[in-house]
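Have a look at the structure below, then the notes.
The values are calculated or read from the model by the stated rules, or taken from the named source; none is laboratory data. Computed from a predicted model, the values in this text were never measured in an experiment. We place every Cβ from the backbone using ideal geometry, glycine too, and count neighbours over all the protein chains shown. All accessible areas refer to the heavy atoms of the entire protein, side chains included, with ligands and DNA or RNA removed. Shrake-Rupley method; radii C 1.70, N 1.55, O 1.52, S 1.80 Å.
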Amino acid sequence: MPTTNSKKQKKGKDTAVQGTNDSSVVSKVSAAAQGYFQDEFLQHFVCKVSRRAPLINRGYYVRWRAVDHCVRRFLHITENSPKKQILSLGAGFDSLYFRLHADGALDRAAVFEVDFPDVARRKTALINSNKTLRGMLGHDLPPPTGPVYVLTGQYRLLGVDVREESRVAEALSAAGLDWAAPTLILSEVVLTYMETKWSDSVIQWAAKLLHQPLFVMYEQIHPDDPFGRIMQDHFLKLNSTLHALRQYPDTAAQRHRFLSKGWEHCVCLDMNEFYLGLVSEEERSQIEALEPFDEYEEWHEKCSHYFILTASRGSLMEQALLSHAPISPVPSCPPSLSPTLLSIQPVSGSLEGLGMASALVSPGRVLLTGGSSRGGRGAVIRMLIREEEGWRSVSKGSSEDLGVHLYHTATPLPAGGVVIFGGRSSPLNPSRGLFRVILVPAGPQDEQELCVKPIDCTGDPPAPRWRHSATVVTNTGRDFLFVFGGRNNSQAALGDTNFLCLDQLCWTEIPVQGPAPEARHSHSACSYHGGVVLFGGLNRRGVPLGDTVMLKPSERGFTWERVEVQPPPVPRYSHCAHVAGEKLVIVGGVWLHSGGVPGVLVIDFTTRSSLEFSLDTTSVPWPLMLHSFCSELTDGELLLIGGGGNCFSFGTHFNPQPITVDPRAALG
């Protein structure tokens, strides 16, 4: 009986893994339909074309692009070989053979595909029933037998479990594989579904049996950070456990894996390194213009959790399919990390949201506007009030005047109230105008009502934008709202300076000297000695920044001054920041550094030094995602509100409740 149950469980898991093929091909068809890459054959392997979200389309584009890069490179370096082969493991409904055949790229080359018998049987039926696909097979060789379902001059489709090494080797020999010829082995999210002992064995026998092999693998990494946990949970729910993650959690471990299994050379890049380092800026610009897009955090998170690896041995060892990225977005030096963990605690009650804006209106009172949550997007205004027993969330209703706002700013004014500027309801619909939120005393127990009024301004207003900063600065005794950076539906990043005179409500030009900082969005800006200190952000090329820049008042206006910090902070964006005395406290965000996720960075303006602190997350709900969130420094503690993101195709995560961080150890 145990043996029977074990077989049933194995078959059930195999069926679940086969189901990932069906989902994957639909997503590839969606990306191709939107112009991310050219593949007219994929559509023949799906019943219905479904349009996926832009984030998923981008994710499948970069996967396709990386594998295609390696395939084309292999065909190039073997162009003078009398014979060459591509062996695709777990090929599913991939259209590689048909695409290469149509391009005339299979001169003296053959494509071998191996997958479960059920998958191979279904694919064979689809090919035979489709006139276009059937017409590209050419003349059949001797009739297919056993596990060989399709056998033509340049295309062989085999139905056999990749884990059964002897049967795979026997079937490949029967199908005409030349073990001495240059052979490219493809594995796109295949081996990780096997127990590690089986996938290690496949890697080892491929190095042993083939005389001139090159291996290409695309899989997942980083299982333990917030995105990685959600990714793992998704595949667990599908009964398709990602086994390799435990033993090989990062690119270094994957490189060591191949080198220890008989391969002589190995290059492994995460997909941020591949996309930013090996895809031209011109191509990236074309891709990024295909669809409205504003999910940068999730895009970089997805790319940091997948890798493309190439390994080689034998005479082709020096012909690398991947080179190390010429422009690495990942800093060469790791962050300067303190051994001290900062304590964090949950706040009672539930409050979630992405893209909200917060403002500290008085000690112990935080105003929250806009954002999106499980309930959708709305014009809800809330107040967090600190009481003896902790923080309490109070809904102040909705404001039709304010409308739907995401990634806007809420800036406390010196004369009282909060000014709301910018934001969007969608990447095609930026918010316009300014609004002032005023707190009006109402009733006993220090209750307050909110009044929202549009602000009519004179002068030339800045272009609509979101993911910008809006900070109060002072010049010649007058207060101004300084708006910098952001993005909109026509510009990837803005670098203009805009000043709103707060007493005259007039957009005013003020001279600004010094080298202006690079255009950016999703940065931070804090008031500092009458000016502003900027940190980080994402530039026009989609690369995170790690610079610290001050806007200082001067006799004629303001002056930009770059602050050189040692060690240089790891570039990041979508963080929050606060000034505490002569220190800048930077919380959370997204970086492309492979080791963990950002916690708290402290920059000391006096010593021009920086130090990173990790967070002790044992007392709060996990996973905790610190991007697209709000933060306020109040009563000596950091209050972090909202945050989360749409984790590729794995589901959307919302941090369920606010948390507090004790920064005293970081501030000394």
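Close amide-amide hydrogen proximity is noted between R541 and no other residue 5 or more places distant or on a separate chain, at a cut-off under 5 Å (H modeled in the peptide plane; Pro and chain starts excluded).
Ranked by the mean number of other Cβ atoms within 10 Å of their residues, highest first, the peptides 298-310, 380-392, 264-276 come out as 298-310, 264-276, 380-392. Using the Cβ-Cβ distance between C451 and N429 with R0 set to 22 Å, the FRET efficiency works out to roughly 0.30.
What the phi angles of region 391-397 give under the Karplus curve with 6.51, -1.76 and 1.60, with θ = phi - 60°, is a coupling list of 8, 10, 9, 10, 7, 9, x Hz, glycine and proline written as x. Farthest towards the positive end of the charge dipole of the chain, among the residues G546, L126, S280, is the Cα of L126, using unit charges on the Cβ of Lys, Arg, Asp and Glu. Pairs spanning more than 26 Å between alpha-carbon atoms, out of K208/K237; K84/K131; K84/K123; K28/K237; K123/K302: K208/K237; K84/K131; K123/K302. Between amide H atoms placed 1.01 Å from N, distances below 5 Å from N498 occur with V483, all of them 5 or more places distant or on a separate chain.
Each Lys and Arg adds +1 at its Cβ and each Asp and Glu adds -1 at its Cβ; summed about the Cα centre, region 510-668 shows a dipole of about 500 debye. Solvent-accessible area assigned to carbon and sulfur over region 524-603 amounts to 50 percent, based on a 1.4 Å probe. Applying the Karplus relation 6.51 cos²θ - 1.76 cosθ + 1.60 with θ = phi - 60° to region 30-46 yields 3J(HN,Hα) values of 4, 4, 5, 5, 8, x, 6, 7, 9, 7, 7, 9, 4, 4, 6, 9, 10 Hz, where x marks Gly and Pro.
Cross-link partners of K48 among aspartates and glutamates, defined as those whose alpha carbon lies under 15 angstrom from its own and excluding same-chain residues fewer than eight positions apart: D22, E40. Given the options S469, V440, C506, identify the residue whose Cα lies farthest towards the positive end of the charge dipole of region 440-512 (+1 on Cβ of Lys, Arg; -1 on Cβ of Asp, Glu). Final value for the positive-end residue is S469. Against the chain, whose longest principal axis is taken from its Cα atoms, helix 226-237 shows a tilt of about 40°.
Rounded to the nearest 10 degrees, the angle from helix 165-174 to the longest Cα principal axis of the chain is 60 degrees. A simple rule links phi to the HN-Hα coupling: the Karplus curve 6.51 cos²θ - 1.76 cosθ + 1.60 with θ = phi - 60°, which for region 187-200 gives 9, 9, 6, 10, 5, 5, 6, 8, 4, 4, 4, 6, 5, 4 Hz, with x for Gly and Pro.
Helix 54-77 sits at what angle to the longest principal axis of the chain, using alpha carbons and giving 0 to 90 degrees rounded to 10? It is inclined by approximately 40 degrees.
Averaged per residue, the chain has 40 square angstrom of accessible surface, using a 1.4 angstrom probe with ligands and nucleic acids left out.
The value of relative contact order for the chain, using C-alpha pairs under 8 Å at least six residues apart, is 10 percent.
Amide H to amide H distances under 5 Å link I510 with no residue, where only residues 5 or more positions off or on other chains count and H is placed in the peptide plane.
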